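In what follows, a structure is listed as structure tokens, so that the remarks can point back to it.
Just so you know, all these numbers are worked out from the coordinates, no wet-lab data involved. Please read these numbers as outputs of a predicted model, since none were measured by experiment. Every residue, glycine as well, gets a Cβ built from its backbone with ideal geometry; the counts of neighbours run over all protein chains shown.
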Amino acid sequence: MFDLSVGPVQYYWPRQTLTDFYADVADSPARTVCLGEVVCSRRHELKPEDWLDLARDLKQAGKEVVIGTQALLETEAELRSLRRWVEQADFMLEANDAAAVRMLAGHTPWVIGLHVNIYSAPALAEYLSLGATRWVPPVELSLPAVGQVNAGGASVQTEVFAFGRMPLALSARCFTARHHHLQKDACAFRCLEDPDGLTLRTREGQPFLALNGIQTQSGSVHCLLGHKQALLDAGVGRLRLSPTSQDFGEVLRQFDAVMNHDASADEAIASLQALRLPGPLSNGFAQPRRAGMDWVTS
């Protein structure tokens, strides 16, 4: 059995869209929900107290709630916001930045986010010594490599990014603002116009990357539906599904059916490919020495 986890919404969605989305998640097969703004501090449709209200509602609905911290901190104001999250004691935090790791050291339990790069068993053991109890491997780490890290003997929950546009990089510059010929500090919140990011295509018209404010994502949608045995072999017990603006409830249902009820992976993949996803499916990073945008059939 795999625990399904809904990752933080990576995009800038309107307040009502967010509240409706999480109302649907409350009735979904997901066990865990990661909340909070992890990309850009200028996105404030929901304020910290709003996120906490959502967290309480989801907890009341039987979900485990984790608060994700911002992945790139640049200002003292952002550090103060992080400190406030660390000071609250109601919900477990996910550290996505070295500053968060430092503040959380000695606080248990907390989660190592996928923006904290861990590529070896000794590195993982060092973070666990600071109080972490769960880790989300970097998206580019293959499943055999995840298994090798877990084989180091540490007792830790492993949650793999199993669906969604992959977060690849962060920058001090805002690419969305630049695309619209705007300054970062006067961006007019144009991210609201791109609920799944702004797709960049090659000259041949193929999706290549996606712009999401200061974040660069994959143009394709990472999907590990066909890798159940490889996930088990790697010691993975939790699957992170990153929200998309359309048909995400069906994504959750298909993953639950395949991973927990032995439904056909091929049929589920065909169903996903018929949905309104923001890009084609890919799974290249799951295999060693493959490009992340590749789609490898089993």
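Values computed for the structure shown
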read-out: Contact order relative to length of the chain, as percent, for alpha carbon pairs under 8 angstrom and 6 or more apart; value: 20 percent
read-out: Computed FRET value (nearest 0.05) for Gln246 with Ala77, which takes r as the C-beta separation and R₀ as 51 Å; value: 0.90
read-out: Residue among Gly68, Gly219, Gly205 with the largest mean-square fluctuation in a Gaussian network model of the chain, springs linking Cα atoms under 10 Å; value: Gly205
read-out: Value of D in µm² per second that Stokes-Einstein yields for the stretch 22-140, Kirkwood Rh from Cα pairs, at 10 °C (1.306 mPa s); value: 107 µm²/s
read-out: Electrostatic dipole magnitude of the chain [Cβ: Lys, Arg +1; Asp, Glu -1; Cα centre; debye, to 20]; value: 640 debye
read-out: Label-to-label distance, nm, for residues given as Asp27 and Asp90 (7 Å Cα→Cβ offset); value: 2.4 nm
read-out: Compactness relative to 2.2 N^0.38 Å, alpha carbon Rg of the chain; value: 0.95
read-out: Projected label distance in nm at Tyr119 and Thr297, using a 7 Å step from Cα toward the beta-carbon; value: 3.3 nm
read-out: Under Karplus coefficients 6.51, -1.76 and 1.60, residue-wise ³J(HN,Hα) of the stretch 76-81 in Hz, glycine/proline x; value: 5, 4, 5, 5, 4, 4
read-out: Residue order, fewest to most surrounding Cβ atoms within 10 angstrom, among Asp196, Asp90; value: Asp90, Asp196
read-out: Whichever lysines have a C-alpha closer than 30 Å to that of Lys63, once near sequence neighbours (fewer than 8 apart) are set aside; value: Lys47, Lys228
read-out: FRET E, pair Arg253, Thr108, Förster distance 35 Å, beta-carbon r, rounded to 0.05; value: 0.55
read-out: For the chain, share of DSSP beta bridges that run antiparallel, in % to the nearest 5; value: 35 percent
read-out: The stretch 154-226: GluC sites (Glu not before Pro) in DSSP coil with no more than 15 other Cβ atoms inside 10 Å; value: Glu204
read-out: Whole-Hz couplings from phi, Karplus 6.51/-1.76/1.60, listed for the stretch 133-148; x for Gly and Pro; value: 10, 8, 9, 10, x, x, 5, 7, 7, 5, 5, x, 5, 4, x, 5
read-out: Positive dipole terminus of the stretch 24-142, leading residue within His44, Leu128, Phe91 (C-beta point charges); value: Leu128
read-out: FRET E, pair Glu267, Asp57, Förster distance 45 Å, beta-carbon r, rounded to 0.05; value: 0.85
read-out: Where labels lie 7 Å past Cα in the beta-carbon direction, separation of Arg42 and Glu64 in nm; value: 3.6 nm
read-out: Other-chain or far-sequence residues with amide H under 5 Å of Glu94's (modelled H); value: Ile67, Gly68, Thr69, Val111
read-out: Selection of trypsin sites (Lys or Arg not before Pro), the stretch 168-208, meeting DSSP coil and at most 12 other Cβ within 10 Å; value: Arg173, Arg203
